[in-house]
Every structure is written in C-alpha cells, then in structure tokens.
1. If you average over every viewing direction, what projected area does the convex hull of the Cα atoms of region 66-130 give, in nm²?
2. On the accessible surface of region 25-123, probed at 1.4 Å, how many percent belong to carbon and sulfur atoms?
3. If R0 is 35 Å, what FRET efficiency do you get for LEU136 and ALA60 from their C-beta distance, rounded to 0.05?
4. For THR66, what accessible area in Å² do you get when you roll a 1.4 Å probe over the heavy atoms of the protein chains, rounding to the nearest 10?
5. Quick check: Cα centre of region 1-53 to Cα centre of region 54-73, how many Å?
6. Past 24 Å, Cα to Cα, is the threshold; run LYS35/LYS118; LYS43/LYS118; LYS45/LYS108; LYS45/LYS118; LYS35/LYS108 against it and keep the listed order.
7. At 7 Å along the Cα-to-beta-carbon direction for both LEU106 and ARG151, put a label point, then send me their distance in nm to one decimal.
Amino acid sequence: MSCYGLRRSEVLGMRWKRFDDARLRIRRGRVAIGKIVEENGPKSKRSRRDLPPPQDVREALWSFKTHQKAECLALGIPWSEDRLIAVHADGTPIRPAWYSDEFQRLRKAAGLRRIPLKGLRNTSVSMMLARGVPPLVVAAWHGHDPAVSLRIYNQTRPEDLRAAGAALFCSPRIDSETAWQTVGRMAGFGHEKKQAVPGENRA
C-alpha cells in the first residue's frame, strides 16, 4: 500500500476493522521511537482520511485476509477484526525497520535501483499530478497540505521538461524568431534607438 501513497506508519497501523470495499480509514500509525514501537494518532488532521481502495488493492487485501485467517486457524490463534493487517504469520506486529528492510530485499530481487521507501510516496504524488489530478485532490489522498504536494513531493521528469520546451517553441502559431524576440524584450534587450527610415513620418 506504500506505492499508493500511504506512509509506512499508516500501513503498519492499519487494522482490518478499518477496511471494507468502500474505504480504507486512516486513523492510526505505528512508529519506532528508539527501540520501542508506539501506536498513536495521525500525523496531522489532514492525515485522518478515508480513501476508496483501488480495485487491485481491494482484491489483494481480501485475499490476504483469507490467508491470514487460514494461518490463525492452523496456529490456533483466535481471529479478531481488530487485528493489525501488517503482521507476521504468528500474529506479531511488523516492526518499521523490518518493513523497510523487506522492501529493499524485494526491490533488489526485482533488479531495481536503490530508493528509500518514502520514494514510493513521492512518486505517487508526482504520477497523480502528471496525469492531471488536481493538487487539492492529490493532497487530500496523501494527507497533507496542497502546497506540500507542489513544493516537496512533485518530481519533475525529463519528459515533462521536453513537453514544456515544445509548448514554448514548437507551436505552429509562433515561429522561433518571434519567440526569441519576445524573450529578448522580457530580458531588456531590443531597446536600442530606432534608426530613421527614409520617408517615415516624424510628426
């Protein structure tokens, strides 16, 4: 779920009772403070949010829940809807450091370059913005202020810069000479004294 923009603490603090077909209710987080892992409230008021799970996430979670129930039955552990989603097979909660290490193990096995786990959250913001999702909606999904989406998380891609350049100088409505003249005027050039043209009206 981290690749969908959830913080690591939010993933680790998610409980089954807060998930159904209509929504994932982000209410708690689990963070490491030294050697102690604590469960606490959301990072901010904006972090407290209900997200409609995409179909692939919804299907994966239902399948995972069925698998966890089978594990509980095999181990003789009672099932509870208050159970954390991110747990080991014996029901013990996953520590934040283990979660990050497991991500890096899977990343390496897939042959991908090393990136911090937080990079998934940053990328999800950039992808939403690149696909035209309004910043206000992107911010609401990720649980932060819209200015944060644009200032910190938005990653400009090479293809975005190419498109920006094309928008300036490859438009059929303006040729490159006219474009550079406009740039010159903006920069303060092109203000030399105009030479007189024979026959020009000086009145």
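The values are calculated or read from the model by the stated rules, or taken from the named source; none is laboratory data. Quick caveat: nothing in here was measured; it's all calculated off a predicted structure. Note that we place each Cβ from the backbone using ideal geometry, even for glycine, and neighbour counts take in every protein chain shown. Keep in mind that these areas ignore ligands, DNA and RNA; they rest on the heavy atoms of the full protein, side chains included. Shrake-Rupley method; radii C 1.70, N 1.55, O 1.52, S 1.80 Å.
1. Answer in nm², one decimal: 6.4.
2. On the way: 3700 of 6450 Å².
Whole-percent figure for carbon plus sulfur exposure: 57.
3. For R0 = 35 Å, the calculated efficiency reads 0.80.
4. My reading of the accessible area for THR66 is about 100 Å².
5. Using only Cα atoms, the two centres lie 17 Å from each other.
6. Values: LYS35/LYS118 21 Å; LYS43/LYS118 15 Å; LYS45/LYS108 36 Å; LYS45/LYS118 20 Å; LYS35/LYS108 26 Å.
Check vs 24 Å cut-off fails for LYS45/LYS108; LYS35/LYS108.
7. Calculated label separation equals 3.2 nm.
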